[in-house]
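Got a structure for you, written out below as structure tokens; questions coming shortly.
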Amino acid sequence: MDNPEATERRLSREQLLKLAAAAGGATLLGSRIEAGRAAVDWVNAESGRLQVLDWAGYGNDGGQAMFASYVKAHPGNKPQFTVMGNESDALAKLHAGLHPDLFRPYVGWVKYFATSGLVQPWNPKQIPNFKQLNPFMVKAGQYGGKQYGIPADWGFDAILYRSDKVHPKAKSWGLLFDDRYKGKIAWFDDLNMLVVAGLYLGHPRPWRQSNAELKKSQDFLIKKKKLARLIWSSETALWEAFGSGDIWIAYAWPNDWVQMKNKKLKVVYMRPKEKPVAWVGMFMLLKGTPRPKLAHAYVNAWSSKRSAAWLENNYGYGHANVLARPSSSDLLKALQLTNPKAVTEPAAHLDRDIPRRAVYARAWEQVKAS
């Protein structure tokens, strides 16, 4: 792996010539001060590879189209990726000493990271495509009047099932807990399973459950855990299990529906009556990054109409750019892309801050260990 600090200190013969030219040009303007400033500006220019912490499938492992225009404009500062399994994993990596320039948690973590001291606000004026982003999602990325998150992808946590194998009693999150399909169900390895249990059990504030409510949700999941053949953290593992027929019902994302349709399986992406949980990916800028301008350029590439359309057509997720539309009418309908507030009430529950996140995390670990 390149050492960004060392890279910043190295000046090639070509760079030195450019530096001399910059200084000389300023001297021709008759100002030694300008010559000095030109030299300092060059030495202080952002350099090295942009360090990106992101989910699998969004780096050089399939997501290159999302940042192709950035690479074209900054060939000497190509992004270097570290994979995050989820936000908790990203947080652990940051505390362990990883220093990315930017990363992409989801909307429920905006307040947490904005108040953590780990990130700094963006300057939307440095992102030309910012004006094309969904205003509702833009607002969801704000905290304290500052833009801490730049909205990117969005979608839903809902239920994927085989319509030729499964016959739901109702359009409900309860399908994940249906005793008839023991051994054919997949849960998601995330504390949001407690939120989903809270939705199904009718708790009024699933993201802010009382001790008694959270205990009820936890006990319910422990009781039903025997039904789950798989608790997935990798979409690849889910695709393999679902595609092979080992799994018929899954806590899933829109891309999982796309992938299984591509396998010619008869699948339905159910919107439960308790409503799906919607999420919006939020690019966040790490505090003290040595490459803030490059980070803004990278996010601008991600925010373009072309990148947005590619994401919708290939991954089945929505994009915050309101000008983009997928080529598939089925996908357009599934994502409700003509509804600018598809991710919030009354269509869905937008994921949100969990004040007692650590308590939820411990409860979920106890469910898995049961």
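So how tilted is helix 235-244 from the main axis of the chain? Cα-based, degrees 0 to 90, rounded to 10.
Helix 235-244 and the main axis of the chain meet at about 40 degrees.
For the chain, take the longest principal axis of its alpha carbons; what is the angle in degrees between that and the long axis of helix 357-369, to the nearest 10 within 0 to 90?
So the helix axis and the longest Cα principal axis differ by about 50 degrees.
Right, here's the next one. What length, rounded to one decimal in nm, is gained on full extension from Arg205 through to Ser328, with 0.36 nm per residue of separation minus their alpha-carbon distance?
40.7 nm
Please compute, for the alpha-carbon atoms of the chain, the extent along each of the three principal axes and give them in descending order in Å.
Cα spread of the chain along its principal axes, largest to smallest: 83, 44, 36 Å.
When only Cα pairs under 8 Å and 6 or more residues apart are kept, what is the percent relative contact order across the chain?
Result for the chain is 24 percent.
Based on the mean of other Cβ atoms within 10 Å per residue, sort peptides 204-210, 300-306, 66-72 so the most packed one is first.
Peptide ranking by packing, descending: 300-306, 66-72, 204-210.
Then there's this: Out of all DSSP beta bridges with both ends in the chain, state the antiparallel percent to the nearest 5.
65
Moving on. ³J(HN,Hα) across the stretch 172-184 via Karplus (A = 6.51, B = -1.76, C = 1.60, θ = phi - 60°), whole Hz, x for Gly/Pro?
Ordered by residue, 3J(HN,Hα) equals 8, 4, x, 4, 5, 10, 7, 4, 5, 10, 4, x, 10 Hz.
Normalised by the residues of the stretch 102-175, what does the relative contact order come to in percent, with Cα pairs under 8 Å and at least six apart?
27
For the stretch 224-370, what does the alpha-carbon gyration tensor say about shape, rounded, prolate or oblate, given a ≥ b ≥ c as the root eigenvalues, a/c under 1.5 as rounded, and a/b over b/c as prolate?
It is oblate, given that a/c is not under 1.5 and a/b is not larger than b/c.
Would you mind checking the tilt of helix 192-201 against the longest principal axis of the Cα atoms of the chain, expressed as 0 to 90 degrees and rounded to 10?
Approximately 40 degrees, to the nearest ten.
Can you send over the carbon and sulfur percentage of the accessible area for the stretch 252-370, probe radius 1.4 Å, protein chains only?
C and S atoms contribute 54 percent here.
Need the full-extension length gain, Glu240 to Lys78, defined as separation in residues times 0.36 nm minus the C-alpha distance. One decimal, nm.
Answer, rounded to one decimal: 55.1 nm.
Now for a different question. Go through the stretch 202-215 residue by residue and turn each phi into a ³J(HN,Hα) via Karplus (6.51, -1.76, 1.60, θ = phi - 60°); whole Hz please, and just put x for glycine and proline.
Computed from phi, the couplings for the stretch 202-215 are x, 5, x, 9, x, 8, 9, 5, 5, 4, 5, 5, 5, 5 Hz.
How much length would be gained if the chain were fully extended between Asn339 and Gln126, taking 0.36 nm per residue of separation minus their Cα-Cα distance, in nm to one decimal?
73.9 nm
Pairs Lys223/Lys264; Lys165/Lys223; Lys78/Lys261: which exceed 31 Å Cα-Cα?
Long pairs (Cα-Cα over 31 Å): Lys223/Lys264; Lys78/Lys261.
The values are calculated or read from the model by the stated rules, or taken from the named source; none is laboratory data. Owing to the predicted nature of the structure, the values given are computational and were not obtained by experimental measurement. Ideal geometry is used to build each Cβ from the backbone, glycine not excepted, and the neighbour counts take in all protein chains shown. Side chains are part of the model used for accessible areas, which takes the heavy atoms of the whole protein and leaves out ligands, DNA and RNA. Shrake-Rupley method; radii C 1.70, N 1.55, O 1.52, S 1.80 Å.
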